[in-house]
Amino acid sequence: MLSQVPTQDACLSCGACCAFFRVSFYWAEGLHMPEHYTEPVTAVYSCMAGTNQPQPRCVALAGEIGRQVSCGMYEARSSSCKEVQIADAQCNKARAAYGMIPFTALDMPAPVNDDDFNQVS
């Protein structure tokens with residue numbers, strides 16, 4: 001299966017998860033969000049406006065999926081948004097729905113420099 005290794009800013013050129021899943025969360029998480037960004041799902045849960053429909057797209061998502069996107073409230077995003085990680089199963093499921101190749105996660109060891117190297121300018 002063809003896949004690619006994601007870069008740190010891979011989400012900025014994707015956005016598939018924001019236009020594939022219903023973004024549900026405990027209603028109180030939405031209190032700090034602009035009112036028009038959320039809508040009730042049940043008495044206990046809310047969701048991001050635009051994601052509770054057959055062809056979801058989060059109201060906070062700007063840009064073109066698969067090319068360049070941004071989140072209008074990234075710093076205040078819900079716990080549901082924070083749970084999706086680059087190259088996890090949810091990410092790759094959404095990418096597949098948009099015809100994008102999946103990401104492969106790499107476990108990279110932390111860089112180590114035991115040489116006590118001092119660079120001279």
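Just so it is clear, none of the values below were taken in a lab; they were calculated from the coordinates. Just so it is clear, the structure is predicted and the values come from calculations on it, not from any experiment.
Enumerate the amide H contacts of Leu61 below 5 Å, restricted to partners 5 or more residues apart or on another chain; note that Pro and chain-start residues carry no placed amide H.
For Leu61, whose amide H was placed from the backbone, the distant partners under 5 Å are Gly72.
How would region 10-97 be classified by its alpha-carbon gyration tensor: rounded, prolate or oblate, with rounded meaning a/c under 1.5 and the a/b versus b/c comparison settling the rest?
Here region 10-97 falls in the prolate category.
Could you run the Karplus curve 6.51 cos²θ - 1.76 cosθ + 1.60 with θ = phi - 60° over region 71-86 and give me ³J(HN,Hα) per residue in whole Hz, x for Gly and Pro?
With coefficients 6.51, -1.76 and 1.60, one gets 9, x, 8, 3, 5, 9, 5, 6, 4, 4, 5, 5, 5, 6, 10, 3 Hz.
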